[in-house]
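Only one structure is covered here, and it is reproduced in the block below.
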Amino acid sequence: MATNGKATNILWHKSSVGKLHRQELLQQKGCVIWITGLSGSGKSTLACALCQALYSRGKLTYILDGDNVRHGLNRDLSFKAEDRAENIRRIGEVAKLFADAGIICIASVISPYRRDRDACRALLPEGDFIEVFMDVPLQICESRDPKGLYKLARAGKIKGFTGIDDPYEPPLNCELVLPQKGINYASPCEMAETVISFLEEKGFLQA
Ligand SMILES: Nc1ncnc2c1ncn2[C@@H]1O[C@H](COP(=O)(O)OS(=O)(=O)O)[C@@H](OP(=O)(O)O)[C@H]1O
Ligand SMILES: Nc1ncnc2c1ncn2[C@@H]1O[C@H](COP(=O)(O)OP(=O)(O)O)[C@@H](O)[C@H]1O
């Protein structure tokens, strides 16, 4: 009998249709592509480009975007460290369910703390969590500032903004770093193709 968190007397219920059956149906393998980086680094843009490119190859994806999930499931959470941790924990758990459904789940969230990202990685079978770091310097993210949030943060109108007065811990050992330093930034489509090449190489685009 499992005891998990605060609930006791709960048992795992198995179904006769499992992950392998679903993957066979979809002709792909479920996994989580976890895109991390500063606000304005291009996480959502890459997530959409990737979703579109995989869709055109007949592959099923689902995007969990931080901004969007905070409109519903995580609407009760702020940006203080413990709430960011809970935000990431819930998104990690939902992503795990999508991967179990056989879907290529794309999470695009700042996820500033290494410990929180590593905890999400630990939820998945080895190799099924693909961490993608949007390695874009703060200066460039700030110059893009599509939502005007950096400007507000610099003016002190948003407190605890990632990169300004809140931390961001870059990955130490992730599967992919985009864009690479020292060259011109690749276009979102080119970055999506880099991720797709990785998925192909690892066998995720077949059952
Ligand atoms: N204080 C603070 N710090 C960082 N970001 C902020 C903040 N307040 C609001 N926003 C907006 O919220 C988006 C980030 O949400 P996430 O859920 O991805 O953040 S986190 O992973 O919990 O850190 C982020 O979206 P992106 O720009 O797409 O990253 C911002 O638009
Ligand atoms: N590869 C790229 N090259 C140039 N500009 C980009 C690229 N990817 C995204 N952008 C631009 O950067 C800004 C932030 O992108 P967005 O995807 O919203 O970032 P995030 O989700 O990390 O906050 C947008 O204005 C977007 O058009």
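Read the figures in this text as sums done on the coordinates, not as results from a lab. Owing to the predicted nature of the structure, the values given are computational and were not obtained by experimental measurement. Here Cβ is always computed from backbone atoms with ideal geometry, including for glycine, and neighbour counts include all displayed protein chains.
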Original post:
What does the charge count near Gly160 come to, summing +1 for each Lys or Arg and -1 for each Asp or Glu among other residues with Cβ under 14 Å from its Cβ?
Top reply: +1
**OP:** With an 8 Å cut-off on Cα pairs and a minimum separation of 6 or more residues, tell me the relative contact order of segment 18-201 in percent.
**Re:** 33
Original post:
What is the gain in length, in nm to one decimal, between Asp83 and Leu123 on full extension, counting 0.36 nm per residue of separation less the C-alpha to C-alpha distance?
Top reply: 12.5 nm
Subject >> Proximal lysines relative to Lys159, as straight alpha-carbon distance under 16 Å, when same-chain residues fewer than 8 apart are discounted >> reply: Lys80, Lys147, Lys151
**OP:** Treating cross-link reach as a plain straight distance, find the lysines whose alpha-carbon is under 21 Å from the alpha-carbon of Lys14, omitting any fewer than eight places away in the same chain.
**Re:** Lys29, Lys96
Original post:
For the chain, rounded, prolate or oblate, judged on the Cα gyration tensor with a ≥ b ≥ c (square roots of eigenvalues), a/c < 1.5 rounded, else prolate if a/b > b/c?
Top reply: oblate
Original post:
Where in the chain lies the longest segment free of trypsin sites (Lys or Arg not before Pro) that are both loop residues by DSSP (not H, G, I, E, B) and have at most 13 other Cβ atoms within 10 Å?
Top reply: 81-146
Original post:
Taking a ≥ b ≥ c as the square roots of the eigenvalues of the Cα gyration tensor of segment 113-179, is the shape rounded (a/c under 1.5), prolate (a/b larger than b/c) or oblate?
Top reply: prolate
Subject >> Coil-residue GluC sites (Glu not before Pro) of segment 91-142, DSSP, other Cβ within 10 Å capped at 12 >> reply: Glu126
